[in-house]
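This report concerns only the one structure given below.
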Amino acid sequence: MIIDLNAGGVLIPGLLIIVFAAFFCTLVAIRLFAFSAIYRLLPCRSLANIALFFIILALMKQGLNATGF
């Protein structure tokens, strides 16, 4: 179960926080992959970026569930 964040009386869903963290991790990963020659050969980079986002999101959600958060 993902715990919600209480910020000044406003509950922020935990999954929303995970989505933002996965988004920023995806931005970093895209910058790192941009230096790779293989990344330049992809025919549809935007599709690869979206797939990378969902992979990172799933790994973060799975990791947080395993630790009990």
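Of the solvent-accessible surface of the chain, computed with a 1.4 Å probe over protein heavy atoms with every protein chain present, carbon and sulfur atoms account for 77 percent.
Rounded to the nearest 10 degrees, the angle from helix 14-34 to the longest Cα principal axis of the chain is 20 degrees. When you count the other C-beta atoms within 10 angstrom of each residue and take the mean per peptide, 9-19, 35-45, 52-62 line up highest first as 52-62, 9-19, 35-45. Normalised by the number of residues in the chain, the average gap of Cα pairs under 8 Å and 6 or more apart makes the relative contact order 42 percent. Spin-label model, residue 34 to residue 4: label points 7 Å out along the Cα-to-beta-carbon direction sit 3.7 nm apart. The calculated 222 nm mean residue ellipticity attributable to helices in the chain amounts to -23000 deg cm²/dmol, summing -39500 (n - 2.57) over DSSP H runs of n ≥ 4 and dividing by all residues.
The values are calculated or read from the model by the stated rules, or taken from the named source; none is laboratory data. The shown structure was predicted, so the numbers you read here are calculated from the model rather than taken from an experiment. All Cβ positions, glycine included, derive from the backbone under ideal geometry; neighbour counts span all protein chains shown. SASA here: full protein model, heavy atoms, side chains in, ligands and nucleic acids out. Shrake-Rupley method; radii C 1.70, N 1.55, O 1.52, S 1.80 Å.
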